[in-house]
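What follows draws every value from the coordinates through simple rules; no lab data is involved. What you see is a predicted model, and the numbers here were worked out from it, not measured in a lab. No Cβ is skipped: glycine too gets one built from the backbone with ideal geometry, and neighbour counts run over all protein chains shown.
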Amino acid sequence: VDCDRIQQLLTHLLSTAIKFSSADQTIWLTAEQQQTATSQVLITVRDQGRGIPEDKLDLIFERFQQVDVSDTRKKGGTGLGLAICRQIVHQHQGQIWVNSGLGEGSTFNVLLPIGAIE
């Protein structure tokens with residue numbers, strides 16, 4: 001496992017949640033072991049931000065993609081962060097996905113084999 005990359009993954013997911021939430025909103029980070037045929041850990045970062053339109057959910061993990069072009073000017077960023085997160089997760093034989101809807105916030109999920117993060 002590359003501990004620095006896992007830290008980079010978590011830092012980016014949390015900073016994204018903070019960036020797209022207002023100061024009075026809560027952000028949750030949870031990790032729980034999943035008892036399946038192989039031990040896994042499910043890490044979630046959930047926010048109460050503006051959410052992501054359904055037609056953008058798959059695109060946000062692509063390079064240089066942002067939900068709103070004006071985000072680059074207002075929030076900063078290159079549109080590379082979530083693509084890097086996806087790469088890190090895949091290098092650790094894991095999965096990453098998001099559940100979201102406009103006005104509902106977003107929940108980023110990362111499923112990693114336990115051996116990949118010990």
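Annotations
- On the basis of the beta-carbon distance and an R0 of 41 Å, W28 and D2 show a calculated FRET efficiency of 0.95.
- Between the beta carbons of I18 and T38, assuming R0 = 22 Å, the FRET efficiency works out to 0.10 to the nearest 0.05.
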